Amino acid sequence: MAVFVLIHGGGSTAWDWHLVSPLLEASGHGVVAVDLPIEDNDAGLEDYAHAVTQAVGDAEHTIVVGHSLGGFTAPLVCDELHSDGLVYLSAMIPMPGETFGDWWINTGHDREAIPDDAFFNLVPAELAREATERERDQQGAWMSGPWPGRHPEVPTLAILCRDDQFFPAPFMRRQVQQRLGIEPVEIPGGHYVTLSHPDAVAAVLADFAERTARERRGTG
């Protein structure tokens with residue numbers, strides 16, 4: 001079984017995964033989700049990655065999942081852990097040397113029409129309120145510098161949320177195809193799909209874990 005390393009998005013917390021985690025554990029998988037040091041302006045992406053790898057310890061057969069801004073951290077963690085797989089969940093997919101600011105322009109997201117309430121569409125009101133109450137002040141001098149990572153040569157999955165209003169489906173489909181050269185898996189849900197459709201997220205992740213395990217054993 002896999003150990004899923006779950007990385008939250010910008011301004012958020014590991015709580016984002018609290019509905020997905022028990023579903024993965026019920027399937028026999030391990031789960032590690034930590035709060036990144038996002039409120040520390042001096043903390044760089046390497047510090048984010050270190051916080052995650054410290055929490056993972058010596059766990060084997062890890063699969064790293066990054067949501068939204070977590071796409072900047074997930075590949076770094078994947079490399080450090082020599083993980084079995086990498087998943088971008090409605091996530092930013094940076095290119096080597098690209099800055100956070102340049103990503104919005106290079107991907108064409110700056111030309112998308114995004115509604116003000118795009119984050120929590122389809123999330124139950126009570127969960128949306130709690131998520132808002134848990135929001136943290138995302139800092140990061142790292143955002144003005146080049147992304148220090150690369151796309152690891154491991155099985156990679158991108159999950160597109162069909163109802164996402166922040167990263168709309170056509171935009172995400174284009175980003176995944178152009179930057180990873182793969183086709184995304186499409187599931188229902190908005191940008192915070194971990195809160196609106198946790199069962200769909202868990203099902204796709206569990207299926208990916210089975211696939212990577214077969215490839216590791218050479219039976220797939």
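Values computed for the structure shown
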item: Single residue of region 164-220 satisfying the filter (touching a Cys at 6+ places or on another chain (Cβ under 7 Å) and touching a residue at least 40 places away in the same chain (Cβ under 8 Å)) that is nearest to His61 (Cα to Cα); result: Val193
item: Residue within region 54-63 that is under 13 Å from the mean Cα position of the chain (by Cα) and either buried (at least 22 other Cβ atoms within 10 Å of the Cβ) or at pLDDT 95 or above (or both) present; result: yes
item: Residue under evaluation Ala141, criteria (1) more than 17 Å from His67 (Cβ to Cβ); (2) of a type in the set (Gly, Ala, Ser); (3) within 16 Å of the chain's Cα centre (by Cα), criterion not met; result: (3)
item: Conditions (1) over 15 Å from the mean Cα position of the chain (by Cα); (2) at negative phi; (3) modelled with pLDDT of 95 or more; number of the one not met by Gly97; result: (2)
item: Filtered residue count, region 160-176, keeping only those that are touching a Pro at 6+ places or on another chain (Cβ under 8 Å), assigned to a helix (DSSP H, G or I) and over 16 Å from Ile105 (Cα atoms); result: 1
item: Subset of region 148-186 (residues that are surrounded by fewer than 17 Cβ atoms within 10 Å (Cβ to Cβ) and closer than 30 Å to Asn41 by Cβ); result: Pro148, Arg150
item: Flag for Val77 being under 12 Å from the mean Cα position of the chain (by Cα) and buried (at least 16 other Cβ atoms within 10 Å of the Cβ); result: yes
item: Residue match in region 135-147 (condition: buried (at least 16 other Cβ atoms within 10 Å of the Cβ) and hydroxyl-bearing (Ser, Thr, Tyr)); result: no
item: In region 39-53, residue nearest to Glu80 (Cα to Cα) [restricted to those that are buried (at least 21 other Cβ atoms within 10 Å of the Cβ) and either at pLDDT below 95 or not aromatic (Phe, Trp, Tyr) (or both)]; result: Ala49
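For (1) among the aliphatic types (A, V, I, L, M); (2) touching a residue at least 40 places away in the same chain (Cβ under 8 Å), each residue gets a yes or a no:
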| position | (1), (2) |
| --- | --- |
| Ala2 | yes, yes |
| His8 | no, yes |
| Trp15 | no, yes |
| Gly30 | no, no |
| Leu45 | yes, yes |
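The values are calculated or read from the model by the stated rules, or taken from the named source; none is laboratory data. Worth saying up front: this structure is predicted, and the values here are computed from it rather than measured. Positions of Cβ are backbone-derived with ideal geometry, glycine not excepted, and every protein chain shown enters the neighbour counts.
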